[in-house]
2 protein chains.
Amino acid sequence: MRDFSQNHDWLSINTATIRKQRGTEVPLDRIIDQCAAHGIRAISPWRDQVAAVGLDKIASQLKAHGIGLSGYCRGGFFPAPDAAGLRAALDDNRRAIDEAKTLDAPCLVLVVGALPGALDGKAAYKDIGRARGEVRDGIAASLDYARQVGMPLAIEPLHPMYAADRSCVNTLAQANDLCDELCGTNKGEGLGVAVDVYHVWWDPQLKAQIERAANASPSRLLAFHLCDWLVPTTDLLLDRGMMGDGVIDLPLIRSWMEACDYPGMHEVEIFSRDNWWKRDGDEVLLTCKLRHETAC
Amino acid sequence: MRDFSQNHDWLSINTATIRKQRGTEVPLDRIIDQCAAHGIRAISPWRDQVAAVGLDKIASQLKAHGIGLSGYCRGGFFPAPDAAGLRAALDDNRRAIDEAKTLDAPCLVLVVGALPGALDGKAAYKDIGRARGEVRDGIAASLDYARQVGMPLAIEPLHPMYAADRSCVNTLAQANDLCDELCGTNKGEGLGVAVDVYHVWWDPQLKAQIERAANASPSRLLAFHLCDWLVPTTDLLLDRGMMGDGVIDLPLIRSWMEACDYPGMHEVEIFSRDNWWKRDGDEVLLTCKLRHETAC
């Protein structure tokens, strides 16, 4: 197992983690400067944060600092109530792939979507099987273009509590099944999975499905995201905990990834409305580094 | 499929649904009188509600009204940090089995527990695999006594968002696996599952696992619980929705149960701090009856 107790070379910061500092939204170029000042080697930025500053400006800034990406957040949201909506989702994913390429991301993370409209409180339909079919078709259509330009797609299973409104892919087994269906186990170039401990820690199949993902050719393990599950969790979206503050056995899950030769970054992704987003950004970055050394 | 549009003979009320009325806790004997007045044929009461009034008094009252049980809430919470805690849990489950027998319940519902202490905000350990082993051993030990007295145990898989603090059995597949491990598929007398749509609606394996439960001998389908998943869901515990107000395809899931010859009650179980618990209890009961006719 890689020893992270003395270094943070493999630590990446998902920029949602410090998108708010002292309760106030902070622009991405400022966040990148902060990460550089703390010696952070990689980030995973969100599309809206990039767009607010400008894609080319962010690309140049990252290059100047020597900061890479651990992933790009995010494509997906494929289901829609009608053909126009499905088409619009494909177009948007094509743009996300292009942006990821400009930023030299190792993968575009897919939060695949669920019942269309549910995120706004009114689902257009209740058939989650239909949504899952639309997700499969959307990934299949996007994969052609992603392969052309050389941008791997990482399906991120989301916790089942997001099955209605954010992602109808809710287990790693489901994500692996999708990869099998779309590529087979031996032609999987350009399609894989993102393992976020918050979403999958509870799954009794987790170890077996990490191994299954690793044993495909090539390995499907494209990203690994860290945070913690708090008890109690007070909000379904904005109460992700700092590593060590919750109940997830992080060293155990990391050992499964390492045993499968996952060589990549550890991306810290914390949305925390009532805690970390209220603190000073430099304190948050220092804590991320410390906890990555001591709790993972 | 049974036609419920004209009757509510198969409607049961989990008494948590109206344990608070206009924001105030209401004793179980009053709740039972209300259910009787609305022609409700069955309820599923909670142990603390029964204890507050008295077990024998509740048993007599139910008999006098001709009201049966669809289940008894609840046994479980097997994991503990030490031998004394494990022993205490077994003793408590034995008492729950005795109470269920006194009330002539068709089954004791098991919410099996998870990381001990997590419900109070401090987990004694993080090894969910250990908790799952303690659950298996606890059910095995309780099953002997439950079979002696003739009280079936119904393992209720809880939504993965409760994996830390309430139940480390989070899918119907896991519950079926436990039944297989403890009984085999053909000696399953006295052990089965409770299917609560709130906990399992998202699961891509749901239909297959309902069929698996039904195909055991005897059928493991011991209980079926109804409510709805709201978008947004504002609280992890106390925001269960009324049937028809959310995104669960209730007729579809019911059709799977009926196709498997589930002959039993539909138990409405709604915890709703900011909505139904604030309303008049008779309004809630009328709404349960109406929505059972129109939305299920």
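Quick notes
- Hits in segment A:212-234 (condition: more than 19 Å from the chain's Cα centre (by Cα) and of a type outside the set (A, V, I, L, M)): A:ARG212, A:ASN215, A:SER217, A:PRO218, A:PRO232, A:THR233, A:THR234
- Matching residues, segment A:152-162, being more than 7 Å from chain B (Cβ to nearest Cβ) and among the aliphatic types (A, V, I, L, M): A:LEU153, A:ALA154, A:ILE155, A:LEU158
- Filter result (exposed (fewer than 14 other Cβ atoms within 10 Å of the Cβ) and among the hydrophobic types (A, V, I, L, M, F, W, C)) within segment A:52-88: A:ALA52, A:ALA64, A:ALA83, A:ALA84, A:ALA88
- When segment B:9-43 is filtered for residues that are more than 19 Å from B:ALA223 (Cβ to Cβ) and part of a strand (DSSP E or B), the ones remaining, listed by number, are B:LYS20, B:GLN21, B:THR24, B:GLU25.
- Here A:ALA124 meets the list (1) within 23 Å of B:LEU250 (Cα to Cα); (2) open to solvent by 10 Å² or more (accessible area, probe 1.4 Å); (3) touching a Lys or Arg at 6+ places or on another chain (Cβ under 9 Å) almost entirely, failing just condition (3).
- In segment A:207-239, the residues that are more than 14 Å from chain B (Cβ to nearest Cβ) and open to solvent by 40 Å² or more (accessible area, probe 1.4 Å): A:GLU211, A:ARG212, A:ASN215, A:SER217, A:PRO218, A:SER219, A:LEU222
- Residue within segment A:92-100 that is aliphatic (A, V, I, L, M), in contact with a Lys or Arg (Cβ under 9 Å, 6 or more places away or on another chain), modelled with pLDDT of 95 or more and surrounded by fewer than 22 Cβ atoms within 10 Å (Cβ to Cβ) present: no
- Within segment A:134-145, considering residues that are of a type outside the set (D, E, K, R) and surrounded by fewer than 24 Cβ atoms within 10 Å (Cβ to Cβ), the one farthest from the other protein chains (Cβ to nearest Cβ): A:TYR145
- Of everything listed in (1) under 20 Å from A:LEU290 (Cβ atoms); (2) touching a residue at least 12 places away in the same chain (Cβ under 8 Å), the single unmet condition for A:LYS20 is (1).
- Counting the residues of segment B:163-193 that are in contact (Cβ under 8 Å) with a residue 60 or more places away in the chain and either among the aliphatic types (A, V, I, L, M) or within 11 Å of chain A (Cβ to nearest Cβ) (or both) gives 2.
- Enumeration of residues in segment B:108-121 that are within 14 Å of another protein chain (Cβ to nearest Cβ) and touching a residue at least 40 places away in the same chain (Cβ under 8 Å): B:VAL112, B:GLY113, B:ALA114, B:LEU115, B:ALA118, B:LEU119
- Scanning segment B:134-174 for residues that are touching an Asp or Glu at 6+ places or on another chain (Cβ under 9 Å), in a helix (DSSP H, G or I), of a type in the set (D, E, K, R) and closer than 30 Å to A:LEU252 by Cα yields one hit, B:ARG136.
- Odd one out for A:LEU115, checked against (1) open to solvent by 10 Å² or more (accessible area, probe 1.4 Å); (2) in a loop (DSSP other than H, G, I, E, B); (3) not β-branched (Val, Ile, Thr): (1)
- Selected residue [within 14 Å of chain A (Cβ to nearest Cβ), touching a residue at least 24 places away in the same chain (Cβ under 8 Å) and assigned to a loop (DSSP other than H, G, I, E, B)] from B:ALA124, B:ALA105, B:ALA131: B:ALA124
- Failed condition for B:GLY246, given (1) away from chain A (no Cβ under 12 Å); (2) open to solvent by less than 30 Å² (accessible area, probe 1.4 Å); (3) over 26 Å from B:GLY68 (Cα atoms); (4) not acidic (Asp, Glu): (1)
The values are calculated or read from the model by the stated rules, or taken from the named source; none is laboratory data. On a predicted model such as this, the values are computed, not experimentally measured, just so you know. All Cβ positions, even for glycine, are placed from backbone atoms using ideal geometry, and neighbour counts span all protein chains on display. Ligands, DNA and RNA are excluded from the accessible area calculation, which covers all protein heavy atoms including side chains. Shrake-Rupley method; radii C 1.70, N 1.55, O 1.52, S 1.80 Å.
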